Every structure is written in C-alpha cells, then in structure tokens.
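The values are calculated or read from the model by the stated rules, or taken from the named source; none is laboratory data. Just so it is clear, the structure is predicted and the values come from calculations on it, not from any experiment. Note: ideal-geometry Cβ built from the backbone for every residue, glycine included; neighbour counts use all protein chains shown.
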Amino acid sequence: MNFGEWNGRRLLPSRKASHEILELNLTIQEIIEALTNGFDCARSKRQKGRTEKCLRRGAKLVRVVVQEGEFVYADEKEEIYWIIHVSEETYKKERWK
C-alpha cells in the first residue's frame, strides 16, 4: 500500500494510527498537508527522529506524529516515516498563542 511521501521518505501508518485515520475520516493528503504546512505542537521534548505537527481544520486541530524508521524487506531496508499517532482536538485559541 502506497501511503504517500513526505521529506523524500515513504509514509506508513502503524496499526493504531491506521485505525485513528479511519475513525477521523482523514485522507493521506490531509496528513501530508499537516506535516508540510502545520506548526510544531509538541507538548514536551520529543525523542530524536520524532516529529509532531498540527494543522487547523475549521474549529478542530489535526495532530500528526511521525517517527523515523525503516521497513525491512527480505534483502534490503528502506528508510521511512512511521505515522504513529493521529488525533483531532478542539482548537483553543488561548493555548496556541
């Protein structure tokens, strides 16, 4: 399954993230848009290689968290980004000043 690219690497969702994407009715274009045009919204310091971005969508805030990783085939490895979390929250203006 081709789930798109970001920063020159393929995006693949974890099992949990794929369920979250389906529940929220998000498309891969919306996820890539959040990663590309979103702002850094990490609540605390993140692990090396982990990126957390948010994008306003109406009165909601879409949060996408990706982790650098690799996908191992039988004879080779591919550097990818794992989508590890996707959520939609109510946008609170005073919090994002």
Quiz prompt | Qualifying positions in region 57-80 - β-branched (Val, Ile, Thr) and either outside any strand (DSSP E or B) or closer than 15 Å to Trp6 by Cβ (or both) | solution = Val62, Val64, Val65, Val66, Ile80
Practice problem: Name, by its number, the condition in (1) crowded, with 16+ Cβ neighbours inside 10 Å; (2) in contact with a His (Cβ under 9 Å, 6 or more places away or on another chain) that does not hold for Ile32. | Solution: (2)
Quiz prompt | Pair list, Cβ under 8 Å, 6 or more apart: region 4-28 residue more than 12 Å from Glu68 (Cβ to Cβ), other residue basic (Lys, Arg) and surrounded by 14 or more Cβ atoms within 10 Å (Cβ to Cβ) | solution = Gly4/Arg10
Practice problem: Inspect region 18-26 for any residue being surrounded by 17 or more Cβ atoms within 10 Å (Cβ to Cβ), modelled with pLDDT of 90 or more, among the small types (Gly, Ala, Ser) and under 16 Å from Ser87 (Cβ atoms) and give the result as yes or no. | Solution: no
Quiz item: Of the residues that sit in region 1-17 and are of a type in the set (A, V, I, L, M, F, W, C) and over 13 Å from His85 (Cα atoms), which one is nearest to the chain's Cα centre (by Cα)?
Solution: Trp6
Exercise. Scan region 36-56 and give yes if some residue there is over 13 Å from the mean Cα position of the chain (by Cα) and outside any loop (DSSP other than H, G, I, E, B), otherwise no.
Key: yes
